[in-house]
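The values are calculated or read from the model by the stated rules, or taken from the named source; none is laboratory data. The shown structure was predicted, so the numbers you read here are calculated from the model rather than taken from an experiment. FYI the Cβ positions are ideal-geometry reconstructions off the backbone, even for glycines, and counts take in every protein chain you see. Calculation scope for accessible area: heavy atoms of the full protein, side chains included, ligands and nucleic acids excluded. Shrake-Rupley method; radii C 1.70, N 1.55, O 1.52, S 1.80 Å.
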Amino acid sequence: MHRIALPERGTFEAWRDAARTLAGHDIPPEAVEWTLGDAGAGLFGSDPLPPGPGHPPAVPRAFLDLAETVILHRDPEAPALLYQALTGLQRRPRLLADAADPLVRRLRLLEKSVRRDIHKMRAFVRFRELPSAGARRRFAAWFEPEHRIVEANAGFFTRRFADMDWAIHTPDLSALWTDGALSFAPGAPRPDLPDDAAEELWATYFANIFNPARIKLGSMRLHMPRKYWKNMPETAQIPAMLAAAEGRVQAMAAAAATESPARAAAITARYRAAMPRAPERIGSLEEARAACALCTRCGLCETATQAVFGEGPAQAALMLVGEQPGDHEDLQGRPFVGPAGQVLDAAMAEAGVARDRVWLTNAVKHFKFVPRGKRRLHQRPDQHEVSHCRWWLDLERELVRPRLTVALGATAALALTGSGADLTRRRGQVEQTLAGPVLPSWHPSAILRQPDRDRAAIMRRDLVEDLALALSLAAAPAGG
Amino acid sequence: MKPDLARKLAILSDAAKYDASCASSGTTKRNAARGGIGSTEGSGICHAYTPDGRCISLLKILMTNFCIFDCAYCVNRVSSNVERARFSVEEVVSLTLEFYRRNYIEGLFLSSGIIRSPDQTMGDMVRIARTLRQDHGFKGYIHLKTIPDAAPELLDEAGLYADRLSINIELPRDDSIRRLAPEKRPETIRTAMARVRGAREASRDRSHTGKRPARFAPAGQSTQMIVGADGASDAAILSTSARLYTGYGLKRVYYSAFSPIPDSSAMLPLVKPPLIREHRLYQADWLMRFYGFEADEIASATPEGMLDLAIDPKLAWALGHRAQFPVDVNRAPRELLLRVPGFGTRTVDRILAARRQRCLGWDDLVRIGAPMAKAQPFVTVPGWSPGALTDSADLRARYAPPPEQLSLF
């Protein structure tokens with residue numbers, strides 16, 4: 001029988017070294033007895049470890065992480081269970097991925113318990129300030145962890161509370177951080193720490209952030225088990241808070257509505273008067289833009305981010321009208337800035353149309369979509385939405401007075417001409433309307449969505465041709 | 001410390017308690033090894049829990065509860081007679097640091113009533129965050145509740161100091177916002193969220209020189225919606241959430257059961273907060289974010305678009321779609337396993353890893369940690385088939401708590 005006594009500190013490294021040698025010589029788990037600390041060591045004789053490393057075992061990184069945590073558990077079987085898993089891994093390298101294996105399951109539960117304890121120590125340690133003669137402030141705390149985690153957890157506190165001296169005392173071990181150096185001292189009984197004025201403020205905060213109208217004691221106890229309470233000053237108030245809760249809620253319900261303070265009405269009136277509102281008469285594009293931002297003519301405004309009004313020079317000779325803003329346009333509040341906008345930009349550049357010389361807008365001003373997974377999928381606006389939004393489009397045409405308007409896609413063609421006829425037979429030919437000539441063409445999105453690459457290339461060329469034609473027509477003197 | 005600091009803290013934390021969020025997770029990793037104080041290491045830490053079951057992770061306070069807005073659901077509205085107070089910048093900074101040094105908190109969650117103007121208020125809040133970061137080298141967590149009507153430049157600066165920004169959507173429907181919070185504008189709220197998303201995306205792109213810009217709100221943005229103050233159905237609430245998640249990349253939508261407030265407005269119901277409904281909404285929200293459910297699938301279980309309060313939404317969906325069950329645990333794809341009542345994402349991951357090594361039986365699933373009592377009508381494994389159980393008429397009754405017995409008159 002091999003008896004291995006592990007030290008209280010540096011337990012993992014000692015276990016790893018012993019386990020490596022034992023496994024290297026194929027010593028089976030049942031031939032090893034593990035003890036912790038001095039207790040028991042040397043009481044019985046132990047076979048000497050075989051000399052040399054033997055054939056050192058290979059283990060996945062995940063096992064070392066698991067072992068480093070589990071070894072801190074107070075369960076005296078923990079080192080033996082880990083050694084059992086180490087030997088098991090030599091036969092089944094993927095053992096740890098098998099959550100249904102009884103040994104793996106047991107180790108995972110031990111691991112979970114230690115991890116939780118580490119986390120709770122980070123959460124529930126409460127420092128009190130000590131008098132300090134030097135430049136660094138001094139703090140100390142008393143904590144009773146469930147497992148032997150102080151050494152492993154000290155790093156967290158050094159990284160967080162680097163600029164102050166502190167000590168965390170526990171029954172097993174004290175961690176001390178002085179002038180930026182970490183040291184450990186043996187455990188000791190609970191020290192007497194001086195009162196700290198901040199604790200009263202903390203208690204005030206704890207009592208007031210509590211909402212008496214919603215009591216969920218089970219949830220509180222699940223996350224903050226009673227065993228930790230005695231070292232957390234704020235928990236002393238819990239009984240009184242609970243006792244008063246029901247009364248506070250009833251008092252709230254019983255209290256009659258009070259009269260508003262005198263100044264309230266004046267403040268409200270002043271603020272509301274200064275809020276943006278739709279201008280009563282729209283005489284300019286800027287007024288139209290402001291009014292459009294507040295539009296609630298159809299339901300689309302509920303779901304879209306914002307109205308995307310047209311942009312460009314107020315006297316543009318050429319107006320381009322798309323279907324509706326897409327995902328990017330909706331977020332940025334500008335037309336044609338997404339993927340379809342890039343297709344349009346490229347086509348305009350090829351046709352010699354300068355983007356900053358045309359008025360760019362859409363038939364519908366709000367983005368219509370359905371959320372799917374992590375994305376928003378474009379949906380075609382219906383006739384009702386197009387006709388409601390015509391009001392804004394007509395206003396833009398009236399204020400900009402372009403010589404020619406290009407309808408990009410079927411929705412724009414419908415909105416501009418009133419005809420929903422097939423675009424295939426209409427594109428590239430000017431149609432006369434009461435508000436001026438309209439040239440239908442493809443929508444850049446239709447080109448993007450076209451699965452047939454040859455067909456997409458033809459449509460792209462069509463669009464460039466149409467834009468070039470539009471440019472020449474718009475340049476011609478009015479009345480032509 | 002001044003004697004009135006405690007009074008201010010009482011008022012301004014009491015006023016902040018209706019904000020549900022207290023998260024401190026998911027930001028960049030930082031520590032004080034090279035100066036300053038504080039650290040963030042990925043997972044959030046809850047430093048205490050109050051009897052309402054909520055976690056205290058951050059010092060959650062209002063800078064002031066003076067407010068010029070008149071939101072009916074809010075205790076701090078201008079027309080309320082609640083006691084008012086205002087912290088100075090230095091007081092907030094000092095409280096945060098002193099609490100932090102004693103390990104009471106992970107950082108600061110600062111919100112505020114609106115004083116004088118949205119810009120003025122937001123400017124003061126940004127100053128507090130800047131002082132903590134620049135003058136005190138504070139590396140802990142900062143969450144700023146932003147004011148949507150403030151100047152965009154202030155929002156941009158807030159994102160440089162804060163880990164998380166939040167903008168409350170307040171209510172699930174635009175008409176409710178206009179009715180109950182007349183000074184707030186739904187389109188402005190959404191535009192501000194879009195701006196935060198844009199700034200976050202821009203901060204992740206390297207410039208052409210390969211230089212990384214300053215991180216912008218690395219823990220993302222969140223929002224809060226009040227449940228039960230207007231007539232919105234759960235279906236409406238969930239579809240609003242789905243739009244917020246997809247549109248603005250929100251990390252979280254918090255649902256807050258409308259809670260009676262002192263000196264409340266006559267416009268609102270003075271009833272106990274619908275806590276179970278809030279809980280079911282959180283479960284449904286989880287289904288949308290981690291289980292591949294769409295909003296309309298979840299709420300379609302009932303005709304009125306309300307979630308079943310007696311059973312959880314995943315079970316409710318499964319009971320309404322029994323033709324898809326039972327699923328073979330050893331063969332079903334991940335998406336289908338995630339739909340089994342009782343199977344969480346971790347259980348499913350463990351099943352997928354373990355079944356590569358062996359065929360899983362009932363006892364294996366128990367060891368994996370799967371709640372088989374709940375899942376049994378919906379799964380098959382070698383040696384177990386639910387048979388007629390999946391389609392039995394009284395299946396729902398097995399899960400729903402028995403109706404409360406009427407007391408004898």
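Counting only residues that are surrounded by fewer than 23 Cβ atoms within 10 Å (Cβ to Cβ), at pLDDT 95 or above and either assigned to a loop (DSSP other than H, G, I, E, B) or in contact with a Phe, Trp or Tyr (Cβ under 6 Å, 6 or more places away or on another chain) (or both), the stretch A:315-337 holds 5 of them. Here is the figure for the stretch A:137-154: residues that are over 16 Å from A:D196 (Cβ atoms) and open to solvent by less than 20 Å² (accessible area, probe 1.4 Å) total 6. Pairs meeting the criteria (first residue in the stretch B:357-382 and within 15 Å of B:P326 (Cα to Cα), second residue part of a helix (DSSP H, G or I) and of a type in the set (K, R), beta carbons under 9 Å, at least 6 apart or on different chains) are B:P377/B:R322; B:P377/B:R398; B:F378/B:R322. Only one of the listed residues (B:A316, B:A323, B:A353) is assigned to a helix (DSSP H, G or I), loosely packed, with under 15 Cβ neighbours inside 10 Å, free of Cβ contacts under 8 Å to residues at least 60 places away in the same chain and aliphatic (A, V, I, L, M). That residue is B:A323. Of everything listed in (1) open to solvent by 50 Å² or more (accessible area, probe 1.4 Å); (2) away from every other protein chain (no Cβ under 13 Å); (3) of a type outside the set (D, E), the single unmet condition for B:I311 is (1). When the stretch B:91-114 is filtered for residues that are open to solvent by 20 Å² or more (accessible area, probe 1.4 Å) and within 14 Å of B:L9 (Cβ to Cβ), the ones remaining, listed by number, are B:E91, B:S94, B:E98. Taking the options B:L244, B:L238, B:L281, name whichever one is more than 12 Å from chain A (Cβ to nearest Cβ), assigned to a helix (DSSP H, G or I) and open to solvent by less than 30 Å² (accessible area, probe 1.4 Å). None of the other options fit; the residue is B:L281. Residues being more than 12 Å from A:A407 (Cβ to Cβ) and of a type in the set (S, T, Y): count how many of those fall in the stretch A:433-480. Adding up the residues that qualify gives 2. Please return the ranges of helices (runs of 4 or more DSSP H) entirely within the stretch A:55-125 where 3 or more residues are touching a helix residue (DSSP H, G or I) at 6+ places or on another chain (Cβ under 9 Å), free of Cβ contacts under 8 Å to residues at least 60 places away in the same chain and within 20 Å of A:R9 (Cβ to Cβ). Result: A:61-70, A:102-124. Take A:A99 and tell me if it is more than 30 Å from B:I105 (Cβ to Cβ), facing chain B (nearest Cβ under 9 Å) and buried (at least 19 other Cβ atoms within 10 Å of the Cβ). Against the criterion (more than 30 Å from B:I105 (Cβ to Cβ), facing chain B (nearest Cβ under 9 Å) and buried (at least 19 other Cβ atoms within 10 Å of the Cβ)), A:A99 qualifies. Those helices (runs of 4 or more DSSP H) of the stretch A:213-276 in which 1 or more residues are closer than 30 Å to A:R289 by Cα and open to solvent by less than 30 Å² (accessible area, probe 1.4 Å) occupy A:262-274. Just to be sure before I move on: is B:I68 surrounded by 18 or more Cβ atoms within 10 Å (Cβ to Cβ) and more than 26 Å from the chain's Cα centre (by Cα) in the structure I sent? In short, yes. Please specify each residue of the stretch B:1-32 satisfying the condition of being within 7 Å of chain A (Cβ to nearest Cβ) and closer than 20 Å to A:A123 by Cα. Residues satisfying the conditions are B:N31, B:A32. For the stretch B:188-235, residues that are among the polar types (S, T, N, Q) and more than 30 Å from B:H279 (Cα to Cα) total 3. Exactly one residue among B:P402, B:P341, B:P377 is surrounded by fewer than 18 Cβ atoms within 10 Å (Cβ to Cβ) and of a type outside the set (K, R), and that residue is B:P402. Screening A:R297, A:R281 for residues that are without any contact (Cβ under 8 Å) to a residue 60 or more places away in the chain, open to solvent by 30 Å² or more (accessible area, probe 1.4 Å) and out of contact with any Lys or Arg (no Cβ under 7 Å at 6 or more places or on another chain) leaves exactly one candidate, A:R281.
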